[in-house]
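Below is one structure, written out as structure tokens; the observations come after it.
The values are calculated or read from the model by the stated rules, or taken from the named source; none is laboratory data. None of these values were measured; they are calculated from a predicted model. Ideal geometry is used to build each Cβ from the backbone, glycine not excepted, and the neighbour counts take in all protein chains shown.
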Amino acid sequence: MTEDDETRDCLEGAPWDTSPPPPMSAFVPIPLGQPIPNLPHAVSCSLPTMRSVRGYEEKDPEITRHMGSGYPRFVLHPFVGQLSAHYQSASQMVGQILWLTSSARMAEELAAVLRAKGTDSTPFAADGIHGLAHADDPAIHARAKLHLQNVGGFLASRAAEDRLAQLGLIPAVAPEALYVGDALTEVRRHLQPLFGDTVPEDLLLATGGMNAVSVAFRVVSDRQAARGRTIWVQLGWLYLDTIALLKRFTATPEDYIYLPDVFDHSALETLFATHGNRIAGLVIEAPTNPLIQTADLETIADLARSSGATIIADSSVSSPFDVDVLPYADVVAVSLTKYTASEGDLLAGLVVVNPATPDAATLRREIKARLEPIYSRDLARLAHQIGDTRDVLAQIHSSVPLIAAWLEAHPAVDEVYWTLHPKSRVHYEKIARAPDAVGCMISFTLHRPLEEFYDRLRLPKGPSFGMKTTLICPFMYLAHYHLVSTEAGRAELRASGINPDLLRFSVGCEPTQDIITALDEALR
């Protein structure tokens, strides 16, 4: 979804059926705007045609009136919108926008961001819920929304649902399976063996992946700036909000350096030879999103550590269950929304500091102090699902190589990217936990018009990945519409090796042949 995405067009109320949903079928088209999966806290939603994709991005009322939900950092969840409207009415806020935030601290952070641009705001607190109100001005609205999106600062939808039920504004909280017991201990029990010499307390959970990434980045950035190191390196094309963080929070535009080719070690060596004592660190995705490229992390880590630079690595594309990047990073920050929350109905994030990194204890303490804590019911829902992760991955792993091979052989398909792509394979295998640990993601481009294929395809179509449900989307249209919608922007993407019409495909747990049949039907 785009960085300037508005939330005010979202509808209030629940767009889902409150009865137990039937299993999502890969062969049944999903109506525009319906949550995927059809659950109250789903993190994806159906965008079944390219017209709906463009209309969503361009705020076409004929499209947005159907959009009752979406990825929660981009589309205000109906429960959060309903609770915000209640408080605005109860507090007689006229001509103001009220943002409900994940904590009082996040509201204060947002106030500081607006104050830096000369905007006054008013803190809000009621019933244990915190937020910030400001004048109903489109520019201020966009600035506030973008910050909360970048850092993962919105109130959790389950927190809003609980409060609505307590206030009598909805009949009851929708029933769902939750872990009974110490949910944090249960989540850490499954994750800690993935992170070497750590202890369970070293695993720091957050409200979402972007909160994990943003806090890790800003803590390290502050510590490195005190040492005169202010340059940050983006290696390869990264997820849009990670790029936004690097651009927003580096000291000057010159302190942000983008190296588009993750395999160009000579460019990195030249950079360190020129600016080594000023480089604060590198932000790396392994693999990257959406090109699924894996750099030579061992060589990069040796170079960074010899120069005193910090590596922040995000392994969300394949998940910590599939890859081990901690030996090559100082800090690992990932989204647990993917894979571990495989039902696709919650946001969560994780930060782990490498115990061998200098000042690891101090770094861990500072990150923990600034992370937004995951809401209790989200944590209990995560603890209920996380035990399924290995079985879910086993099903996905059995399908991905077959689907990738099928796409590579199809005459209508141009380029196929996945973890074992020839350019990345040797590097990926160094971090893979097993030969078949290939993650869920395949990206591909076509020899024919995107719209023709996308509109015919009957698989679920929406954002996110790492779910039991297969998902496909025209990723650059959702993430960087401002680029794909102009010729200059499309040229910028091509210069980074990205076809603007690239499709990002997340393989789920449906039968492999059913998925291939649906793809074949749309490509005929």
May I ask you to list the residues in region 35-45 that are polar (S, T, N, Q) and either within 17 Å of the chain's Cα centre (by Cα) or surrounded by 23 or more Cβ atoms within 10 Å (Cβ to Cβ) (or both)?
-> 44
Any idea which residue in region 164-183 is surrounded by the most Cβ atoms within 10 Å (Cβ to Cβ), counting only those that are part of a helix (DSSP H, G or I) and touching a Leu at 6+ places or on another chain (Cβ under 6 Å)?
-> 183
Would a scan of region 20-28 turn up a residue that is closer than 21 Å to residue 509 by Cα, in contact with a helix residue (DSSP H, G or I) (Cβ under 7 Å, 6 or more places away or on another chain) and at pLDDT below 95?
-> yes
Does region 112-135 include one or more residues that are in contact with an Asp or Glu (Cβ under 9 Å, 6 or more places away or on another chain), outside any strand (DSSP E or B) and without any contact (Cβ under 8 Å) to a residue 12 or more places away in the chain?
-> no
Could we say that residue 205 is surrounded by 23 or more Cβ atoms within 10 Å (Cβ to Cβ) and not acidic (Asp, Glu) here?
-> yes
Any idea which residue in region 46-95 is surrounded by the most Cβ atoms within 10 Å (Cβ to Cβ), counting only those that are of a type in the set (Lys, Arg) and modelled with pLDDT of 95 or more?
-> 54
The listed residue being within 30 Å of residue 516 (Cβ to Cβ), among the charged types (D, E, K, R) and not in a loop (DSSP other than H, G, I, E, B), out of 378, 388 | 388
Answer yes or no as to whether residue 192 is buried (at least 20 other Cβ atoms within 10 Å of the Cβ) and either touching a helix residue (DSSP H, G or I) at 6+ places or on another chain (Cβ under 7 Å) or small (Gly, Ala, Ser) (or both).
-> no
Within region 109-131, work out how many residues are closer than 23 Å to residue 375 by Cβ and surrounded by 14 or more Cβ atoms within 10 Å (Cβ to Cβ).
-> 10
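For (1) touching a Gly at 6+ places or on another chain (Cβ under 9 Å); (2) surrounded by 20 or more Cβ atoms within 10 Å (Cβ to Cβ); (3) in a strand (DSSP E or B); (4) modelled with pLDDT of 95 or more, each residue gets a yes or a no:
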{"residue": "400", "(1), (2), (3), (4)": "yes, yes, no, yes"}
{"residue": "404", "(1), (2), (3), (4)": "no, yes, no, yes"}
{"residue": "408", "(1), (2), (3), (4)": "no, no, no, yes"}
{"residue": "416", "(1), (2), (3), (4)": "no, yes, yes, yes"}
{"residue": "427", "(1), (2), (3), (4)": "no, yes, no, yes"}
{"residue": "436", "(1), (2), (3), (4)": "no, no, no, yes"}
{"residue": "439", "(1), (2), (3), (4)": "yes, yes, no, yes"}
Please verify whether region 97-106 includes one or more residues that are at pLDDT below 95 and outside any helix (DSSP H, G or I).
-> no
Hey, residue 310 buried (at least 22 other Cβ atoms within 10 Å of the Cβ), under 16 Å from the mean Cα position of the chain (by Cα) and of a type in the set (Ser, Thr, Tyr) or not = no
Residue satisfying condition, being touching a strand residue (DSSP E or B) at 6+ places or on another chain (Cβ under 6 Å) and of a type outside the set (Gly, Ala, Ser), within set 314, 322 = 314
Taking residue 215 as the residue in question, decide whether it is in contact (Cβ under 8 Å) with a residue 60 or more places away in the chain, more than 28 Å from residue 92 (Cα to Cα), part of a helix (DSSP H, G or I) and in contact with a Ser or Thr (Cβ under 6 Å, 6 or more places away or on another chain).
-> no
